[in-house]
């Protein structure tokens, strides 16, 4: 069975600082991995995904993530945080070809 | 085009009452999913519909939960005899046909259910 662990329920950064949100997964098959963002009172929006091929994937809003099989990790990064990045971020792994298994989420707080 | 819509956006009910939550998927999307998001938790898969195939109900937490979908259109999630632990945001997602390859799931804004 697949599972996802996100380290840190809350991460605080200053505007302009590096953003690093950690995600580790377990999967019995080559994983499809995702990062979603959820703004207050909104649904989830796909930031980026890894399926096959290049292990460094770029997403929207300047975010990127690197799939590291040896570390079973898929950490999300952004070089310079912006106030508008404040939101909750979810890492997920695909189960089969259908349902997603999510981590518990990490709330990103950005201070001026 | 229009995204996934859900109604109501908020629902407050008393313990023991039944509730119905509605999801309108994106037109042309044959797959539909329900997830539950409890406070401080990630999203939990509840149920998955794919076209006219039998739904995958493996995530439903109890027999108080049920869902229906007619064809490839609207779905309703019903919770009978609601309990306080049912309080959560219920999210619906839809995607194109799943046939041996992943298709992106598009999420609705959710229904926030509060059971008093």
Spin-label pair residue A:104/residue B:81, simplified geometry with 7 Å Cα→Cβ offset, distance in nm: 3.0
In 5 Å bins starting at 0, how do the alpha-carbon pair distances of segment B:4-108 split up by percent? 2, 13, 24, 26, 19, 10, 5, 1, 0
If you wrap a convex hull around the Cα atoms of segment B:68-116, how much volume per residue is inside, in Å³? 103
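Starting from the Cα-Cα distance between residue A:71 and residue A:39, subtract it from 0.36 nm times their residue separation and give me the gain in nm to one decimal. If you can, show how the numbers build up before the last one.
On the way: separation 32, 0.36 × 32 = 11.52 nm, distance 2.91 nm.
Residue separation times 0.36 nm, minus the Cα-Cα distance, leaves 8.6 nm.
For chain A, take N as its residue count and report Rg(C-alpha) divided by 2.2 N^0.38 Å. Before the final figure, lay out each step's value.
Working: Rg = 13.3 Å, N = 112, 2.2 N^0.38 = 13.2 Å.
So chain A has a normalised radius of gyration of 1.01.
Kirkwood hydrodynamic radius (Cα pairs, Å) of the protein assembly as shown?
Values: mean 1/r = 0.0551 Å⁻¹.
Evaluated on the protein assembly as shown, it is 18.2 Å.
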Can you give the FRET efficiency to the nearest 0.05 for residue B:70 and residue B:18, using r as the Cβ-Cβ distance and R₀ = 25 Å? 0.80
Label model pair residue A:111, residue A:5: point-to-point distance (7 angstrom along the Cα→beta-carbon line) in nm is 2.8
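Per residue of B:32-42, what is the mean number of Cβ atoms on other protein chains within 10 angstrom of that residue's Cβ?
Numbers: counts 0, 3, 0, 4, 0, 6, 1, 0, 3, 4, 11.
Counting Cβ atoms of other protein chains within 10 Å of each residue's Cβ and averaging gives 3.
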Provide, in order from the shortest bin, the percent of all Cα-Cα pairs of segment B:35-94 in each 10 Å bin, continuing until the bin that contains the maximum pair distance. 21, 55, 22, 2
Separation between the residue B:9 and residue A:83 pseudo-spin-labels, each 7 Å from Cα along Cα→Cβ, expressed in nm? 2.3
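None of the figures in this text is laboratory data; all of them are computed from the coordinates on show. What you see is a predicted model, and the numbers here were worked out from it, not measured in a lab. Every residue, glycine as well, gets a Cβ built from its backbone with ideal geometry; the counts of neighbours run over all protein chains shown.
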